[in-house]
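Submitted below is the structure of interest, expressed as structure tokens.
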Amino acid sequence: MKNIVLIGFMGVGKGSVAREIIKLSDYMSVDTDDLIESMENRVIKKIFEQSGEAYFRNLEKRVSLWLGQNVTNTLISTGGGFYKQDNLKEIGIVVFLNSPFEKILKRIKNHPNAVKKLKKRPLLKDLKKAKELYYERLPQYTAVADITIDVTDKSALDCAKELLLKVKQYA
């Protein structure tokens, strides 16, 4: 089994889909943002505030190199900008979870922990900039993905089932 690397815009549901995949498969799971927070002993928001985005992107690079050398048979949920790592394809099968920006925003705002979810994502502070970032990244996500799953208005379970089927066909 190869690793599966989930990419997509922040708030698209990578974590939710990952939790369902774990229930349905033998994959282990890691989240790149969780790894970074453990390395730094501080949350992503604080890393951005105290050290800046460039510093955070360097941490992502360290994590990507570590994953590529040390991790197998694992589902890897990534932060929204992790797709830029040079060794992404070496880490595993890259799956892009896609949904329109407005649907992602609606999903976050309708979540029971919406305030916490928004606070956790510093790049969503300015919605105009976030939307521009979404449209800037969209073709880049598509370009690096081996598989694309449209998650719009689907349950995490349905997305997980579709993803596992497509990964099996891909491999």
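The values are calculated or read from the model by the stated rules, or taken from the named source; none is laboratory data. Predicted model only: the values in this text are computed from it and were never measured. Glycine gets a Cβ as well: all are built from the backbone with ideal geometry, and neighbour counts include every protein chain shown.
I'd like the full set of residues that are under 15 Å from the mean Cα position of the chain (by Cα) and within 13 Å of residue 3 (Cβ to Cβ), limited to segment 19-30.
21, 29, 30, listed by residue number.
Here is a further query. So, in segment 71-92, of the ones that are within 12 Å of the chain's Cα centre (by Cα) and aliphatic (A, V, I, L, M), which residue ends up farthest from residue 53 (Cα to Cα)?
This residue is 75.
Are there any pairs, at least 6 apart or on different chains, whose C-beta atoms fall under 7 Å, with the first in segment 71-93 and in contact (Cβ under 8 Å) with a residue 40 or more places away in the chain and the second of a type in the set (Phe, Trp, Tyr) and in a loop (DSSP other than H, G, I, E, B), and if so, which?
As it stands, the answer is 73/27; 74/27; 75/27; 80/9, since those pairs meet every condition given.
Within segment 19-28, is there a residue that is of a type in the set (Asp, Glu), more than 16 Å from residue 58 (Cα to Cα) and buried (at least 19 other Cβ atoms within 10 Å of the Cβ)?
Yes, because at least one residue in segment 19-28 is of a type in the set (Asp, Glu), more than 16 Å from residue 58 (Cα to Cα) and buried (at least 19 other Cβ atoms within 10 Å of the Cβ).
Out of curiosity, is residue 116 modelled with pLDDT under 75 and not aliphatic (A, V, I, L, M)?
yes
Which of the following residues is touching an Asp or Glu at 6+ places or on another chain (Cβ under 9 Å), more than 18 Å from residue 156 (Cβ to Cβ) and modelled with pLDDT of 95 or more: 46, 61?
61
Let me ask you something else. Restricting segment 71-94 to residues that are part of a helix (DSSP H, G or I) and of a type outside the set (Val, Ile, Thr), which is surrounded by the most Cβ atoms within 10 Å (Cβ to Cβ)?
Per the stated criteria, the residue is 82.
Considering each residue of segment 10-23, count those that are touching a Ser or Thr at 6+ places or on another chain (Cβ under 9 Å), outside any helix (DSSP H, G or I) and over 12 Å from residue 151 (Cα atoms), and give that number.
0
Check every one of the helices (runs of 4 or more DSSP H) wholly within segment 31-70 and list those with 3 or more residues that are within 14 Å of the chain's Cα centre (by Cα).
Output list reads 32-40, 53-70.
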